[in-house]
Amino acid sequence: MASKRAVTVLRPAVDGLGPRLLRINCAQKTVNTTRTISSQASRPRKLAQQQPQQVRYASSGAEKEQVSRTALYELHSKYGAKFVPFGGYSMPVQYSDLSIVDSHHWTRENASLFDVGHMVQHHFTGPGAEAFLERITPTSITSLPEHQSTLSTLLHPGSGGIIDDTVITRLPGKFYVVTNAGCREKDTAYFKEQLEAWKSEHSDQPVEWKILDGQGLIALQGPKSAEALARILDDKTKGDLKSLYFGQCVFATVNGTDAEVLVSRAGYTGEDGFEISIPPHATEAVTQFLLDLAKDELRFAGLGARDTLRLEAGMCLYGHDLDDTTTPVEAALSWIIGKDRRAKGGFHGDSVILQQLKKKSEGGGVSRRRIGLIVEGSPAREGAKIVNEAGEEIGNITSGCPSPTLKKNISMGYIKDGMHKAGTEVEVVVRGKKRKAVVTKMPFVPSKYHKQPTTAKA
Amino acid sequence: MAARSTVARAARQLTFAAARRPAPFVCQKWQAQAQKQRLFSVSGALKEKKYTEDHEWIEMSSDGKICTLGISEYAAKALGDVVYIELPQTDMEVSEGDAIGAVESVKSASDILTPISGTVKEVNSELENKPANINKDPEGDSWIAKIAVEGEPAGKLMSKEEYTAFTEDA
């Protein structure tokens, strides 16, 4: 009974038994975790900083799992974070000063700071790095300019299913790659195996791979992000921020420190913003500096707001909206497949993916596609079925929540090809009842990226 | 925080509940209630409020025929901003342990379980239009349903004190 009690507050609803990060049972775990934390936090600070990872909790069900902490763990505690286990880390889901909805609005109106240090940061170097990345992703890496990032996917050989989604950046002399925390083990095994195979076939083009252990990563998101960030940067970079456009990045120095950080104009909310990669020793100090100097416009935000923001922005969460059996074409991510890659292929799963890109009349297409839905009445969450007029199942929901911005229920899911056009009326079954839903273009909330003006092309 | 919101709620009910009370037999009952300091309900003399391990509360009418059901303050707080409440239908027959409705917040969806069998006689339909009300007064004005019952609840129920200890213990 006790263990059952620890994982349910109210019983999770019938439609949506999937492992969602924000179930009420997570909130309950939060209580447990927070308690463990307070005893940990009373330890001398230095100790915790020296050993920020692999802290083991005695909470129920976690006996075998090791839960890690990011470099900002103590700072989160100080700001009233409620923690939940996520991707092998104990991560803030929200903070005591703002509810999830308030934090969501705060991000769209001001600026929020997210700790994304649980994500895995990699460097790929060596003469074979470019060709290696072109083999495991459908991205046109050769045409990726220096200091430019792009969304991509790691692909299964043969099937073209998505191992993980990732952001790849070309830096001078290397590639900087960020992957999901939840896929850490799977990705590591994949990279090892793929590099092994590469080595045996291309011994003349070596690739070196390094995981940036302990490297901090924070995301600054919202219309006031640039203003907040400018306060901590050296004068030169401060001036450059205006011409740092979405998808670009720059190395910068934080005022009064020797910490060199990588500032990428990117994000997971649809707002203007930055992701900042910080050396391990400086992560906490830089973050605190930022919070102190941007007190009026900047607040910490947790996984709760991050999930509702990314859903409004129509962005995928791996393990929910993407998985090993889904190809980029099915996932409505065909845009990540480079022009030259469509012509020549040469990446994992290319025969499957290139065939899917062809017209139906040429035997191409896919049987299901990722779409957005606006659902009447009750929110439709992961696991809910999409049905047609006759009540036949034609798809399923992979993510869903009430949209704080739109005040409507938004969902993401997969639907039978042909039913995927915007405006198509379908029904979604929640708790045994059919609810009206309309296929809707994503993003649900228009993105506000700081984009390079198209007229300034010449 | 918790203490403050409880006080505020009691105060609010003092003001509004009295005004809304139906005219006949008001005085006597109101007084009887005031003496017993039962400020958290709109109906007359009631038996003690009981709580389930799934964070619902029930309150039996004095004659033991009507059971009012809602979700606890602890649950409402844990759920966060509630955006949708699915209410049972009136005249629906329910059995102990049935999910009779659901509460949807930005975070999660949770079933409302009944700890007692019976027939749904009345639902708080105001919650359909103003689901957020449940965050304000889950154990008072924002009750979920009234169920006509014929027996006592069979499962484990807790008193306020036991439930508070249970939630602190969880």
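Residue selection: A:A437 satisfies the criterion of being outside any loop (DSSP other than H, G, I, E, B) and among the small types (G, A, S). For the range B:102-116, taking the residues that are more than 14 Å from B:G80 (Cα to Cα) and open to solvent by 10 Å² or more (accessible area, probe 1.4 Å), the one that is nearest to the other protein chains (Cβ to nearest Cβ) is identified as B:L113. Of all residues in the range A:235-247, those that are touching a residue at least 60 places away in the same chain (Cβ under 8 Å) have Cβ atoms under 7 Å from Cβ atoms of residues that are open to solvent by 40 Å² or more (accessible area, probe 1.4 Å), 6 or more apart or on another chain, in A:Y245/A:H450; A:Y245/A:K451; A:Y245/A:Q452; A:F246/A:Y449; A:F246/A:H450; A:F246/A:K451; A:G247/A:Q148. If you check A:F300, A:F289, A:F274, which single one turns out to be more than 20 Å from A:K174 (Cα to Cα), surrounded by fewer than 21 Cβ atoms within 10 Å (Cβ to Cβ) and touching a residue at least 40 places away in the same chain (Cβ under 8 Å)? Answer to the selection: A:F289.
Check whether at least one residue in the range B:70-82 is in a strand (DSSP E or B) and modelled with pLDDT under 95, and report yes or no. Checking the range B:70-82: at least one residue is in a strand (DSSP E or B) and modelled with pLDDT under 95. For A:A230, the requirement of being without any contact (Cβ under 8 Å) to a residue 24 or more places away in the chain and under 22 Å from A:L154 (Cα atoms) is not met.
Filtering A:L309, A:L322, A:L406 for residues that are touching a strand residue (DSSP E or B) at 6+ places or on another chain (Cβ under 6 Å) and in contact (Cβ under 8 Å) with a residue 24 or more places away in the chain leaves a single hit, A:L322. Filtered by the rule that a residue be aromatic (F, W, Y) and within 14 Å of chain B (Cβ to nearest Cβ), the range A:87-105 gives a lone residue, A:Y95. Of all residues in the range B:127-170, those being closer than 24 Å to B:E93 by Cα, open to solvent by 70 Å² or more (accessible area, probe 1.4 Å), within 14 Å of another protein chain (Cβ to nearest Cβ) and not in a helix (DSSP H, G or I) number 1.
Residue pairs whose Cβ atoms lie under 7 Å apart, separated by 6 or more positions or on different chains, with the first residue in the range B:155-170 and of a type in the set (G, A, S) and the second in a helix (DSSP H, G or I) and open to solvent by less than 90 Å² (accessible area, probe 1.4 Å), are B:A170/A:R5; B:A170/A:A6; B:A170/A:Q28; B:A170/A:V31.
Remark: pairs (first residue in the range A:86-105, within 19 Å of A:E74 (Cβ to Cβ) and outside any strand (DSSP E or B); second residue aliphatic (A, V, I, L, M) and modelled with pLDDT under 95; Cβ separation under 8 Å; 6+ apart in sequence or on different chains) = A:G88/A:V67. Of all residues in the range B:66-98, those being closer than 30 Å to A:T405 by Cβ, more than 7 Å from every other protein chain (Cβ to nearest Cβ) and either open to solvent by 50 Å² or more (accessible area, probe 1.4 Å) or among the acidic types (D, E) (or both) number 3.
Can you name every residue in the range A:269-312 that is away from chain B (no Cβ under 14 Å), farther than 19 Å from A:E74 by Cβ and among the charged types (D, E, K, R)? Matches in the range A:269-312: A:E271, A:D272, A:E275, A:K295, A:D296, A:E297. As for the range A:375-393, it holds no residue that is open to solvent by 50 Å² or more (accessible area, probe 1.4 Å), within 14 Å of chain B (Cβ to nearest Cβ) and among the hydrophobic types (A, V, I, L, M, F, W, C). Those strands (runs of 3 or more DSSP E) of the range A:185-256 in which at least 2 residues are open to solvent by less than 40 Å² (accessible area, probe 1.4 Å), considering only elements entirely within it, cover A:216-221, A:249-253. Within the range B:45-56, if we keep just the residues that are in a strand (DSSP E or B) and away from chain A (no Cβ under 12 Å), the residue that is most open to solvent (accessible area, probe 1.4 Å) turns out to be B:K50.
Once the range A:116-136 is narrowed to residues that are assigned to a strand (DSSP E or B) and open to solvent by less than 10 Å² (accessible area, probe 1.4 Å), the residue that is farthest from A:G88 (Cα to Cα) is A:F124.
The values are calculated or read from the model by the stated rules, or taken from the named source; none is laboratory data. Computed from a predicted structure; not experimentally measured. Cβ atoms come from the backbone with ideal geometry, glycine included; neighbour counts cover every protein chain shown. Side chains are part of the model used for accessible areas, which takes the heavy atoms of the whole protein and leaves out ligands, DNA and RNA. Shrake-Rupley method; radii C 1.70, N 1.55, O 1.52, S 1.80 Å.
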